[in-house]
Amino acid sequence: MNTNPIIMRDKVIEFIKKAKGLIISAKFTKRTNGELRIINCIYGVKNSKIPIKGVKRKFNPEEKGLITVYDTRKQEFRFINIDGLHWIKIRGIQYDVYD
């Protein structure tokens with residue numbers, strides 16, 4: 001029996017935004033190749049010392065079910081696929097994501 005708290009998928013982006021500046025772990029399925037990925041990241045990083053590749057985005061990530069985070073291992077910005085999210089861990093508590 002799973003005892004992890006549950007969060008609904010449509011509330012995840014709001015939940016992540018409230019954790020701004022905290023280290024977050026997440027397990028999700030990548031859209032591009034179906035690969036499972038676990039990421040350690042931070043939401044809300046805006047640091048001029050971190051190079052941002054490319055130019056301003058031509059789309060709104062949230063409209064495409066994505067949220068931008070800073071990957072603490074790769075030290076680059078990445079997207080989390082909200083539609084493929086399995087769980088998210090904030091402050092040591094793992095929340096299972098359901099529709």
Stretch gain in nm, segment THR68-LEU22, where the contour uses 0.36 nm per residue and the Cα spacing is subtracted: 15.2 nm
Whole-Å semi-axes of the ellipsoid equivalent to the chain (Cα gyration tensor, √5λ, descending): 22, 15, 13
Additional length obtainable on full extension of the chain from ARG91 to ASN40, 0.36 nm per residue less Cα span: 17.1 nm
Reachable aspartates and glutamates, given that their alpha-carbon falls under 17 Å from the alpha-carbon of LYS89 and they are not under 8 places away in the same chain: ASP10, GLU14, ASP71
Distance from the range 1-35 to the range 67-81 (C-alpha centre basis), Å: 13
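Placing unit charges on C-beta atoms (Lys and Arg positive, Asp and Glu negative, everything else neutral), compute the dipole magnitude of the chain about its Cα centre in debye, rounded to 20. Walk me through the numbers on the way to the answer.
On the way: 21 positive and 10 negative charges, 110 e Å.
About 520 debye.
No value in this document is a laboratory result; all are computed from the given coordinates. Quantities reported herein were computed from a predicted structural model and do not represent experimental measurements. Quick reminder, even Gly has a Cβ in these numbers, built from the backbone with ideal geometry, and neighbours come from all protein chains shown.
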